[in-house]
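Student: First, the structure itself, so that you have it in front of you.
The values are calculated or read from the model by the stated rules, or taken from the named source; none is laboratory data. As the structure is a prediction and not an experimental result, all values here were calculated from the model. Here Cβ is always computed from backbone atoms with ideal geometry, including for glycine, and neighbour counts include all displayed protein chains.
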């Protein structure tokens, strides 16, 4: 909105300061400040509202005694994240960019799935009676199919000659340009990444900080790949308009920092599936639009490890072999089960996520 207002009024002398709205840096700062201040103001009101309606955490048996200390904590805080990021982007993004629209659509779609799941758990008063896994995957798959269809069409914000190319970190050239392989890969990638944050979200503040790290790095990539000079200098494909993802990332980082104020140990509110699925959807879409799917193995390495340990334990260990392969899964539960305090587990995994984010940034030059 401010971008178009600036375009309209900047030619008039009295509003010449609105020329700042043309700069990604100015709008990114504005989006971050708007998001963090709005989150700090809004979250206490949401906590009060959720408590009044008994929308509180439904504890599940994890084998970790401290999990039961969290009973009664308001959940569905992801509504704040989704709402604030969406508002900040509507205010500061260039909504004429397909990059902005697709990542916002992915965030809201996945967040809506999480909201329905959270609400079902609240109504049933059980953490095990939310939306069924097949239904979740069906709805997520519907979005992934739409995303693939857009990328394969003239509506794609990604240039046609780049649409089906796959890049690997540290390599200057693409390693694949085949739509019959790439687009099914994107479909699976969106489903996997979209759910990885949900699996990681199990301790106070654990998921939000690595998410801020990851989306911030993708915002840097968006800024550089959308700039003709920087993309040419770094030997990356030019993606006109991708810089708008820097504004989205800034809004998300601001909202994430504001949310951490209340989500840090001991948490006053949890993001729930509403938040974790919306974050996963955002990371998946941003990675695809920036052609950095393979980079996510490094950038989102914590999410990958958490999801891998959980799925191996559940699908191979318990369901196929009939026994546990790990003492506990996912990773953060295993660390707590081995005697580490929750705060130590969370901070150590934050450190790991920070190191992985720096490693992902290093790929910009090491190629």
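Student: Does segment 324-344 contain any residue that is more than 13 Å from the chain's Cα centre (by Cα), surrounded by fewer than 24 Cβ atoms within 10 Å (Cβ to Cβ) and within 24 Å of residue 108 (Cα to Cα)?
Tutor: no
Student: Now for a separate question. Within 13 Å of the chain's Cα centre (by Cα) and either surrounded by fewer than 23 Cβ atoms within 10 Å (Cβ to Cβ) or part of a helix (DSSP H, G or I) (or both), is that true of residue 241?
Tutor: It is false that residue 241 is within 13 Å of the chain's Cα centre (by Cα) and either surrounded by fewer than 23 Cβ atoms within 10 Å (Cβ to Cβ) or part of a helix (DSSP H, G or I) (or both).
Student: Please indicate, with yes or no, whether at least one residue in segment 315-328 is in contact with a helix residue (DSSP H, G or I) (Cβ under 9 Å, 6 or more places away or on another chain) and modelled with pLDDT of 80 or more.
Tutor: So far as segment 315-328 goes, no, none of its residues is in contact with a helix residue (DSSP H, G or I) (Cβ under 9 Å, 6 or more places away or on another chain) and modelled with pLDDT of 80 or more.
Student: In segment 161-187, what residues are closer than 21 Å to residue 100 by Cα and loosely packed, with under 11 Cβ neighbours inside 10 Å?
Tutor: 161 - this is the single residue of segment 161-187 that is closer than 21 Å to residue 100 by Cα and loosely packed, with under 11 Cβ neighbours inside 10 Å.
Student: Looking at residue 261 and the list (1) out of contact with any strand residue (DSSP E or B) (no Cβ under 7 Å at 6 or more places or on another chain); (2) farther than 30 Å from residue 179 by Cβ; (3) buried (at least 24 other Cβ atoms within 10 Å of the Cβ), which single condition is not satisfied?
Tutor: With (1) out of contact with any strand residue (DSSP E or B) (no Cβ under 7 Å at 6 or more places or on another chain); (2) farther than 30 Å from residue 179 by Cβ; (3) buried (at least 24 other Cβ atoms within 10 Å of the Cβ) applied to residue 261, the lone miss is (3).
Student: Would you check if there is a residue in segment 139-155 being in contact with a helix residue (DSSP H, G or I) (Cβ under 6 Å, 6 or more places away or on another chain), within 14 Å of residue 295 (Cα to Cα) and crowded, with 21+ Cβ neighbours inside 10 Å?
Tutor: No, segment 139-155 contains no residue that is in contact with a helix residue (DSSP H, G or I) (Cβ under 6 Å, 6 or more places away or on another chain), within 14 Å of residue 295 (Cα to Cα) and crowded, with 21+ Cβ neighbours inside 10 Å.
Student: Just give me the residues in segment 23-54 being without any contact (Cβ under 8 Å) to a residue 12 or more places away in the chain and part of a helix (DSSP H, G or I), in sequence order.
Tutor: Within segment 23-54, 25, 26, 41, 45, 48, 49, 52 qualify.
Per-residue answers, yes or no, for (1) touching a helix residue (DSSP H, G or I) at 6+ places or on another chain (Cβ under 7 Å); (2) at pLDDT 75 or above; (3) surrounded by 23 or more Cβ atoms within 10 Å (Cβ to Cβ); (4) within 26 Å of residue 336 (Cβ to Cβ):
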position: 51; (1), (2), (3), (4): no, yes, no, no
position: 73; (1), (2), (3), (4): no, yes, no, yes
position: 78; (1), (2), (3), (4): yes, yes, yes, yes
position: 102; (1), (2), (3), (4): yes, yes, yes, no
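Student: Which of the residues spanning segment 139-184 are within 20 Å of residue 218 (Cα to Cα), in contact with a strand residue (DSSP E or B) (Cβ under 7 Å, 6 or more places away or on another chain) and not in a loop (DSSP other than H, G, I, E, B)?
Tutor: 165, 166 - these are the residues of segment 139-184 that are within 20 Å of residue 218 (Cα to Cα), in contact with a strand residue (DSSP E or B) (Cβ under 7 Å, 6 or more places away or on another chain) and not in a loop (DSSP other than H, G, I, E, B).
Student: Further, regarding this structure: Run residue 129 past the list (1) at pLDDT 90 or above; (2) farther than 30 Å from residue 236 by Cα; (3) part of a loop (DSSP other than H, G, I, E, B) and report the number of the one that doesn't hold.
Tutor: (1)
Student: Can you tell me which condition residue 269 does not meet? The list is (1) buried (at least 17 other Cβ atoms within 10 Å of the Cβ); (2) out of contact with any strand residue (DSSP E or B) (no Cβ under 7 Å at 6 or more places or on another chain); (3) farther than 20 Å from residue 109 by Cα; (4) in contact (Cβ under 8 Å) with a residue 24 or more places away in the chain, and all the others hold.
Tutor: (2)
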